[in-house]
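The block underneath contains the structure these notes are about, expressed in structure tokens.
The values are calculated or read from the model by the stated rules, or taken from the named source; none is laboratory data. It should be emphasised that the depicted structure is a prediction, and the values quoted were computed from it without experimental measurement. So basically every Cβ, Gly included, is an ideal-geometry build from the backbone, and we count neighbours across all protein chains shown. These accessible areas exclude ligands, DNA and RNA; they are computed on the full protein's heavy atoms, side chains included. Shrake-Rupley method; radii C 1.70, N 1.55, O 1.52, S 1.80 Å.
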Amino acid sequence: MARFNRSTWSWILNDWANSAFATTIMAGFFPIFLKQYWSAGSDPVTSTFQLGVGNAVAGIVVAALAPVLGAIADRGGVRKKFLLLFTVLGILATTGLYFVQKGDWQLAITLYVLGTIGFTAGIVFYDALIVDVAEPQRFDFISGLGYAFGYLGGGVLFAINVWMTLDPLRFGLADSAEAVRISFLMVAAWWALFCIPLFLFVHERKPLRAKGGNVVVEGWRQFIATFREIRQLRPIFLFLLAYWFYIDGVNTIIKMAVDYGLSLGFETSSLITALLLVQFIGFPAAIVFGWLGGKWGTKRGIYFALAVYGMVTLWAYFLETETQFYLMAVAIGLVQGGIQSLSRSFYARMIPPGKSAEFFGFYGMIGKFATIIGPLLMGWVGVLTGSPRLAILSVAILFVIGWVLLMQVEERSEK
């Protein structure tokens, strides 16, 4: 097995690379720019709906493809090739956002969907490569480092991009709109540059199953067989069910926190600052969680993160000031990377040998579908009660269900 060497750092650096898209594009500038530039003059509710449809389309496409692509990749031993394919798709789509003219929201949404597909589908194969760069007893630490450097890399570029939009003249730019458009090019360049080491230095082990026949047909067959196998492997099935509920809660908090802040009348600049807080706090916190997973046990670490998220939803209900919103961002930053990294390493230990990509395909599929229950729950409660505070509080239900299901899963010792 690979030691903590060049291949390990190259794998970690890919998280530094692609997190620029997640931070600057998905969480930061795209939702705001869509509303204020590409959909300028239209009803704000309409642009929110457009963004929601775009996210849903991307999620459905990736959720449908991920397990099948994973099965194909494992049979052919071509995880790096699939990762390269989707990385190139994401980079090209991100570059294209620079050329979208004001008012052309249709093209903007199309490129956003393609970029999101490239980003999220690539993660399936990136996650699966962890078994090629680390021994099982170091999954917690290496997985935590990946998320930590992702937060740091995404945060560094995002901070520069925010500075550009706040003071465009200092950078020789005409206005904030031009600064945002240049930021899209910077994300593409950042992603392209820092993903190179993985493709050069991470060596994928040969598949246990030989190639042969139509790999696509065989991939579909393997997908069906894997689904049946997962249903029979009770610990894996229960964990994926628990993960589906609690990571839906996590994703809902990530995607709805800024919208919730806007509904309370907070300034956009304050919400952007809160996003930066999450990124930079998430860097050391994810590393610490990787260490805690080895000391406490991975499952206990996940429980701790779930408890914090439960308190966050309660705190959000009583929010009154922007300072309190900052404190909530700090709490989220402390556990967001931790619960993601520990969940990945916990699952990695449960996977049968030689099936990492197809099983991580299911894991990725669950993660992509886990953006449905929370937003719908918040929307339904908000419409029913007329209170955004009760809407955000309802997300706590997902953490409770996830906790209860996780209790039924036995933690596997290091392989």
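Checking TYR98 against (1) over 28 Å from PRO197 (Cβ atoms); (2) surrounded by fewer than 22 Cβ atoms within 10 Å (Cβ to Cβ); (3) at pLDDT 90 or above: exactly one of these is not met. Which one?
All conditions pass for TYR98, except number (1).
Would you be able to say whether some residue in segment 110-122 is part of a helix (DSSP H, G or I) and more than 20 Å from LEU51 (Cβ to Cβ)?
Taking every residue of segment 110-122 in turn, at least one turns out to be part of a helix (DSSP H, G or I) and more than 20 Å from LEU51 (Cβ to Cβ).
All but one of (1) more than 20 Å from MET350 (Cβ to Cβ); (2) in a helix (DSSP H, G or I); (3) open to solvent by less than 70 Å² (accessible area, probe 1.4 Å) hold for ARG221, so report the exception by its number.
Going through the list (1) more than 20 Å from MET350 (Cβ to Cβ); (2) in a helix (DSSP H, G or I); (3) open to solvent by less than 70 Å² (accessible area, probe 1.4 Å), ARG221 breaks only (3).
Restricting attention to segment 355-363, does a residue exist that is open to solvent by 30 Å² or more (accessible area, probe 1.4 Å) and at pLDDT below 80?
Checking segment 355-363: at least one residue is open to solvent by 30 Å² or more (accessible area, probe 1.4 Å) and at pLDDT below 80.
Go through segment 233-264 residue by residue and tally those that are small (Gly, Ala, Ser), open to solvent by less than 60 Å² (accessible area, probe 1.4 Å) and out of contact with any Phe, Trp or Tyr (no Cβ under 9 Å at 6 or more places or on another chain).
The number of residues fulfilling the criteria is 0.
When you look at ILE401, is it at pLDDT 85 or above, closer than 23 Å to LEU276 by Cα and among the β-branched types (Val, Ile, Thr), yes or no?
No: the conditions fail for ILE401.
For segment 232-271, how many residues are polar (S, T, N, Q) and under 15 Å from LEU393 (Cα atoms)?
Step one: list which residues in segment 232-271 are polar (S, T, N, Q), which gives 232, 251-252, 263, 268-270.
Within this subset, residues satisfying the condition of being under 15 Å from LEU393 (Cα atoms) are 251-252, 263.
Result for segment 232-271: 3.
What about PHE149, is it of a type outside the set (Val, Ile, Thr), part of a helix (DSSP H, G or I), open to solvent by less than 20 Å² (accessible area, probe 1.4 Å) and in contact with a Leu (Cβ under 9 Å, 6 or more places away or on another chain)?
no
Show the residue pairs that are 6+ apart or on different chains and have beta-carbon atoms under 7 Å apart, the first residue being within segment 381-393 and free of Cβ contacts under 8 Å to residues at least 12 places away in the same chain, the second being open to solvent by 50 Å² or more (accessible area, probe 1.4 Å).
Within 7 Å, the pairs are GLY382/PRO388.
Inside segment 46-81, can you point out the residues that are modelled with pLDDT of 75 or more and over 22 Å from THR110 (Cβ atoms)?
The answer is VAL78, ARG79, LYS80, LYS81.
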